[in-house]
Every structure is written in C-alpha cells, then in structure tokens.
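Below: the structure, in structure tokens.
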Amino acid sequence: MSTTILPASKRDFELQGRHVLAAFIAFFAVVFAVNGVLLFKALATHSGIVANEPYRKGLAYNVRISADEQQAALGWKAEIALDRTGQVSLMISDSSGRPVSGLRIAGSLGRPTTERHDLKVVFAEPEPGRYLAVTKTIDPGAWLLVIEARTSSSAATPSGDPVFRQRRKLWLKP
C-alpha cells in the first residue's frame, strides 16, 4: 500500500464562521427577492376590490333575491354555445320547452380573472328563441358570459330590470 502525501497548499476544507454567515445571508437574500417579486405581482395584478359600491349592492340585496325568485318561477332555460370565431349562440326556452322570443339581450364576454379582455355582446334573434352575437376571434381557455334579457314590452318590467339573467363559465378547448 502506498500513501500519497498532499502538499500543504491542498489541505482539507474547513467550515468557518464566515462560510456559515455567507450561506445564511445568501439564503435570506433569495427568500426576500422571491417574496418581493410575488408581492409586486400580487399588488400589480389585482386591486383587491371584489365589488364596486359594495354598500349600495348590499342595500339592494333583497331586491336581487326577489328578482332571482321571479326568474326561477319563469322556468326558463338557456343553452349557450361559443366557438373560436367569436360567435355566441343562445337558445332560451320556457318551462314547457317552447322557445322564448322577442327579448332584447345584451351582456359581456370576458375572462373570469380579469376585465382586460371583456367584450360587449348584443344578441340578434334570427329565428324565434334563438339569439346570436358575433364578436372578434377569441383564444382558447376559460371565458365568462354574462347576459341580461329584457322583454320588448315595458309593461312587463316598468323599472326596466331584466327578466332573465345568466352568468355562465364557458371553456374553449385549445
């Protein structure tokens, strides 16, 4: 067996206090940097406001519940389809399955997480109970369609409130 003797300049590494201090400082610098980036992104992308005018909306909450009960009593059902060309198709039928015609329908189509991509949609009725709206070409992914339908006659809703509301999440496959 032969033993190799290393020169004095190649001694074994010894962990010293300055090494531990440097590792400690580097670790916390990385943690603070990542937290800073995440904090900046969180504050820059969402304001924290859940609803505009929450106090007024809270005061009108009973009115909203009443409108939902009236809509449920109608028994109307909506079938919604969305394609990549931006065409939104909507079929509204009553409780017996007959098409509901003569409605003025408008709303918005956008991403569920941001208002940056929101598009206004106004529906036309090419045939009874079938409503179509055309927007620009849209990308795949999650979309949120919010519609409000009003009757043609103002006698049905003197206040101008919608008789039918729908909020539906839609998914376009990539």
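Screening residue 74 on (1) open to solvent by less than 90 Å² (accessible area, probe 1.4 Å); (2) touching a residue at least 12 places away in the same chain (Cβ under 8 Å); (3) under 23 Å from the mean Cα position of the chain (by Cα) shows it passes everything except condition (3). In segment 11-56, of all residues being of a type in the set (Val, Ile, Thr) and at pLDDT below 95, the one that is most open to solvent (accessible area, probe 1.4 Å) corresponds to 50. Restricting segment 77-102 to residues that are among the small types (Gly, Ala, Ser) and farther than 24 Å from residue 135 by Cα, the residue that is surrounded by the most Cβ atoms within 10 Å (Cβ to Cβ) is 95. Test residue 129 against the stated conditions and say whether it is open to solvent by less than 70 Å² (accessible area, probe 1.4 Å) and touching a Pro at 6+ places or on another chain (Cβ under 6 Å). Judged against the criteria, residue 129 is a match. Evaluation of residue 136 against the conditions (1) more than 26 Å from residue 64 (Cβ to Cβ); (2) without any contact (Cβ under 8 Å) to a residue 12 or more places away in the chain; (3) part of a loop (DSSP other than H, G, I, E, B) shows that the sole unmet condition is (2).
Number of residues in segment 59-115 that are of a type in the set (Ser, Thr, Tyr) and in contact with a Pro (Cβ under 7 Å, 6 or more places away or on another chain) equals 2.
The values are calculated or read from the model by the stated rules, or taken from the named source; none is laboratory data. Everything numeric in this text was worked out from a predicted model, so none of it was measured. Every residue, glycine among them, receives a Cβ derived from its backbone with ideal geometry; neighbour counts consider all protein chains shown. Side chains included, ligands, DNA and RNA excluded: accessible areas come from the protein's heavy atoms. Shrake-Rupley method; radii C 1.70, N 1.55, O 1.52, S 1.80 Å.
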